[in-house]
Amino acid sequence: MVGKLIVFEGVEGCGKTTQLQKTYLWLQDKFSNQKILTTREPGDTELGLGLRQLLLSLKNQQPIYPAAELLLYAADRAQHVQEVLLPGLATDTIILCDRYTDSTIAYQGYGRDLPRAIIDQLNLFATNGLESDLTIWLDIDVELSLPRTRLRGTSDRIEQADLAFHKRVQHGYNQLAQAFPHRIKRVDASLDEQAVQGQIRAILQQHII
Ligand code: T5A
């Protein structure tokens with residue numbers, strides 16, 4: 001199979017990380033000779049890990065301004081694309097990526113209200129035009145998903161934003177899914193883990209495998 005970039009997207013606590021791992025194990029079992037890689041944004045490279053700590057830590061004494069936040073996510077992505085995604089795809093790897101360009105549109109665009117034109121330009125610059133082959137959007141109301149993250153007992157800087165922010169992010173994903181139906185496929189993430197995984201497998205079987 002040729003390399004593919006499959007991205008998992010959604011609001012906080014939608015279950016991306018859980019589903020990405022389940023999908024990885026399923027694909028590994030199904031295609032034992034296929035190279036499969038899991039990765040995430042922000043924080044999969046050495047530079048990205050430092051940026052992730054800056055972005056998500058609650059220890060910052062001063063607020064991070066939206067424009068600075070946007071540029072830090074773009075820097076993480078630029079490094080990630082060059083260091084991980086492009087080399088992986090060049091060696092026919094199936095890459096399962098936790099968040100990518102749509103996160104920036106949803107969070108910094110819809111959430112922080114930064115101009116879409118600038119975000120699109122930065123996404124293009126950071127990715128060199130690399131788009132996902134398929135994006136799985138785990139759709140769930142934030143009223144249901146945020147309590148899941150709180151069960152962990154800790155929350156990061158962005159999780160602590162107010163409910164209105166998270167609702168704007170959720171609306172952003174909705175708008176993106178309507179704008180790019182060929183690339184973004186919705187799953188109902190309010191169901192139990194197995195039911196969500198079943199929907200993801202059906203989508204992968206239809207569009208990738
Ligand atoms: N960000 C990122 C931006 O603002 N701009 C950008 O450009 C990018 C790339 C990343 C943060 O950065 C922001 C978005 C984020 O705020 P992160 O730690 O990677 O930070 O945070 P998340 O991506 O939100 O990851 P989370 O771990 O918080 O949530 P997940 O991955 O959606 O959820 P998961 O799988 O960890 O599950 C959360 C809990 O729910 C349970 C799990 O067991 C777990 O306890 N769960 C379920 N419970 C019931 N039913 C199900 N179906 C369940 N599935 C999982």
- prompt: With all protein chains present, how much of the accessible area of the range 12-56 (probe radius 1.4 Å) comes from carbon and sulfur, to the nearest whole percent?
  reply: 48 percent
- request: Would you work out the relative contact order for the chain, in percent, from Cα pairs under 8 angstrom that are 6 or more residues apart?
  value: 33 percent
field: Whole-number percent relative contact order across the range 108-192, with pairs defined as alpha carbons under 8 Å at least 6 apart
entry: 47 percent
query: Solvent-accessible area per residue for the range 140-209 at a 1.4 Å probe radius, Å²?
result: 56 Å²
statement: Asserting the computed 222 nm helical MRE of the chain (DSSP H runs at least 4 long, -39500 (n - 2.57) per run, divided by residue count, to nearest 500) equals -15000 deg cm²/dmol
- request: Give K35/K167; K4/K167; K35/K59; K4/K59; K16/K167 a once-over and call out the pairs whose C-alpha atoms are over 27 Å from each other.
  value: K35/K167; K4/K167; K35/K59; K4/K59
- request: Give the Rg/Rh ratio for the range 19-142, taking Rg as the radius of gyration of the Cα atoms and Rh as the Kirkwood radius, to two decimals.
  value: 0.99
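The values are calculated or read from the model by the stated rules, or taken from the named source; none is laboratory data. Please read these numbers as outputs of a predicted model, since none were measured by experiment. Just the protein is used for accessible areas: all its heavy atoms, side chains included, with ligands, DNA and RNA removed. Shrake-Rupley method; radii C 1.70, N 1.55, O 1.52, S 1.80 Å.
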